[in-house]
1. Take the stretch A:29-47 and flag every residue that is closer than 14 Å to A:Ser105 by Cα and touching a residue at least 40 places away in the same chain (Cβ under 8 Å).
2. Restricting attention to the stretch B:59-80, does a residue exist that is free of Cβ contacts under 8 Å to residues at least 12 places away in the same chain, closer than 27 Å to A:Leu16 by Cβ and within 18 Å of the chain's Cα centre (by Cα)?
3. Just need a number here: residues in the stretch B:110-139 that are in contact with a helix residue (DSSP H, G or I) (Cβ under 8 Å, 6 or more places away or on another chain) and within 11 Å of another protein chain (Cβ to nearest Cβ).
4. Quick check on my filter: what residues within the stretch B:137-167 are of a type in the set (S, T, N, Q) and either within 24 Å of B:Ala124 (Cβ to Cβ) or without any contact (Cβ under 8 Å) to a residue 60 or more places away in the chain (or both)?
5. I'd like to check something: does the stretch B:62-83 contain any residue that is surrounded by 17 or more Cβ atoms within 10 Å (Cβ to Cβ) and either in contact with a strand residue (DSSP E or B) (Cβ under 7 Å, 6 or more places away or on another chain) or among the acidic types (Asp, Glu) (or both)?
6. Hey, any hits in the stretch A:128-147 for a residue that's closer than 21 Å to B:Tyr112 by Cα, in contact with a Phe, Trp or Tyr (Cβ under 8 Å, 6 or more places away or on another chain) and among the hydrophobic types (A, V, I, L, M, F, W, C)?
7. Say we look at the stretch B:145-156 and pick out the residues that are within 12 Å of chain A (Cβ to nearest Cβ) and surrounded by fewer than 19 Cβ atoms within 10 Å (Cβ to Cβ); which of these is nearest to A:Ser156 (Cα to Cα)?
8. Is it true that some residue in the stretch A:65-88 is of a type outside the set (Asp, Glu) and touching a Ser or Thr at 6+ places or on another chain (Cβ under 6 Å)?
Protein chains: 2
Amino acid sequence: MGLFSKDIVTFDDLFLHQLQDVYYAENQITKALPKMVDKTTVSALKQGFEMHLREAEGQIARLKRILDLLVEKAKAVTCPAIDGIIKEANEIADKVVLDAGLIASAQAVEHYEIARYGTLIAWANQVGRTDIAAILKETLDEEYATDDKLTAMATSSVNAKADAVTA
Amino acid sequence: MGLFSKDIVTFDDLFLHQLQDVYYAENQITKALPKMVDKTTVSALKQGFEMHLREAEGQIARLKRILDLLVEKAKAVTCPAIDGIIKEANEIADKVVLDAGLIASAQAVEHYEIARYGTLIAWANQVGRTDIAAILKETLDEEYATDDKLTAMATSSVNAKADAVTA
C-alpha cells in the first residue's frame, strides 16, 4: 500500500492510511471482477462473481462513509499487494478458461481483504472508534461468507470439472 | 503468479504451477523476515518472527519434497502477488517504528499463504494425491497458528503500545 510514507507518524495516521489502502484495493477489485464474470464458464460462479461485485460496491460505500467521518478529503494511496494479486487474476481472465484458477485468484483476493479488514477492526477498537469497527465488521463477515462459498463451489464441482476436462 | 502461461493446459499443470508459485513466495518471505526481526521493538514479536523464519524454512523443504515427487526439475516462477505484499512489508521494515504495522504486514502474508495452501490442498485431493495434501496440511496448520499468534500479540499489547506512544 505504500503504507509508510513520511506522513505516517501516529497510530491514527496508520489507521487512516490502512483504510485508504483498502479503499484503493476495493476499487481495483471492482475493475477486475467484470473480467472474471466474462471469463468463467460456470454459471453459479458467474452469478457469484456478479454478486460479489455488487457487494464490493457496497463495501466501497461503507469505506467512503468511514473516511468521511475521519478526514475532509481522502488521499489516494496505491497498494502493491492488491495490484500484484489482481495482476495474477487478470492473467487468468486474459488467457485461460480454467474456472478452478479463477476461484483460486478470487480466494487470494478474499484472504487479502480478510487480513486487512481484521487489522482495521482491531485498530478501530484500539482508537475507541467502535462505530467504525461495527461498519467494517459487516464487510469482514461478507468476505468470510464469499470465501466459504468459493471453497464450496471449488470442492463440490469446479475442481472436478477442470480435472475431468483436462485429464 | 503468472498462473496462466501457455504451458498451463491441464489441471495437473495448474496444480504444479501453483506449487511453484508458493515455493517462490516462501523463498521471498524468508528474505523479508530478517528485516522484520531487526526492526521490531517488541521482544515477543522478534521471537515470533524468528520462529516463523525457521518454520518457513521447513515449509520450503516440504515444498521441495513435493516438487521432487512431481517433476525432475522445478521451474522458477515469479508471483506478483507476494512481491506486492512483501514490497509493502519492506517499506515498513525500512521506514517505520510502529510494530502494529509490522504485524499487519505479517498477517497479510499469512492470509496469502492460507489462501494458496488451502487451494493447493483441495487440488491435491482432486488429483488423488492425498500424500501431498497431507504434507501441505502441516504447513497450512502452521500458517493458521502463526496468524492467531499475531492477532493475540496485536490485540493484547502491541496496538495499545503503538497508540499510547504516538497519541
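1. A:Ile29, A:Ala32, A:Lys35, A:Met36, A:Lys39, A:Thr40, A:Leu45
2. Checking the stretch B:59-80: not a single residue is free of Cβ contacts under 8 Å to residues at least 12 places away in the same chain, closer than 27 Å to A:Leu16 by Cβ and within 18 Å of the chain's Cα centre (by Cα).
3. 18
4. Hits for the stretch B:137-167 are B:Thr139, B:Thr146, B:Thr151, B:Thr155, B:Ser156, B:Asn159.
5. yes
6. Checked against the condition, which is being closer than 21 Å to B:Tyr112 by Cα, in contact with a Phe, Trp or Tyr (Cβ under 8 Å, 6 or more places away or on another chain) and among the hydrophobic types (A, V, I, L, M, F, W, C), the stretch A:128-147 yields at least one hit.
7. B:Asp148
8. Checking the stretch A:65-88: not a single residue is of a type outside the set (Asp, Glu) and touching a Ser or Thr at 6+ places or on another chain (Cβ under 6 Å).
The values are calculated or read from the model by the stated rules, or taken from the named source; none is laboratory data. In this text the structure is predicted, and so the values were computed from the model without any measurement. Because the Cβ atoms are built from the backbone with ideal geometry, glycine has one as well, and the counts that use them run over all protein chains shown.
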